[in-house]
Amino acid sequence: MFKKILYPTDLSDVSKKALNCLLAMKSGGVKEVVLLRVISQSNAESLSQYHKHFFPGTHAHLETPGKGVAAFLESVYRAQEEEAREGLAPFEAALKEAHFKVKTRIERGVPQLKILEVEEQENVDAIILGSHGRSNLKEMLLGSVSEHVIRHSRKPVIVIKR
C-alpha cells in the first residue's frame, strides 16, 4: 500500500515513538523513507533578538542593520543544522539498519508549511508524525503542526499519539 513515507521529526519523545511505528511498517511494504527536520526560521530570529536584549553591546555589529545581523543569523542557522544532523543520525541509522532506503533532508522555514512542500516534492504515499512536538503549547487535541498537516495534506497522515 505505502511504499514511500515522509517522516518529519522534531526529535521529541513522541517523534521517536513514531520511528518505532515506522520500523514496524517495513513488513507492510514500505521501502523508502524521507527523513525531514525543519529548522524554524522564527526560532533563529528569536535567538538573535534574545541575544541583543540580554547581551547588549557585546556584539555591536549585531545592533546595526545589514551584514552583522545576517552573518549572525547565518551562524545560528549553521549551528542549528549541525545540531539537526547530529539529532537525525540515530534515526537514519535505525532506518538503514532495517533496510529502508533513506533520504535525509534538513530544511528551514515554517514547519507545517515545509512538511507539505516536501510532501509534494518527494511524491510520498503518506506522512507519519507525532501528535505533539517539542513545544509545550497545550492544544485541545493535537499539536499545531500536526493539526495543520492533517488538514492540508493531500496524502494520508498517520498520527502517533503521546
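Read the figures in this text as sums done on the coordinates, not as results from a lab. Keep in mind that this is a model prediction, so the values were computed, not measured. Note that we place each Cβ from the backbone using ideal geometry, even for glycine, and neighbour counts take in every protein chain shown.
A few remarks follow.
- Length gained when the stretch residue 16-residue 41 is fully extended (0.36 nm per residue, less Cα-Cα span): 6.7 nm
- Amide N of segment 4-25 lying under 20 Å from the label point, which is placed 7 angstrom from the Cα of residue 93 along Cα→Cβ: 9-24
- Sorted by Cβ neighbour density within 10 Å, fewest at the top, the residues 108, 37, 162: 162, 108, 37
- Contour excess over end-to-end distance, with Cα ends at residue 110 and residue 77 and 0.36 nm allotted per residue: 10.5 nm
- Of all aspartates and glutamates in the structure, the ones whose alpha carbon falls short of 12 Å from that of residue 103, not counting any fewer than 8 places away in one chain, are 32, 92, 122.
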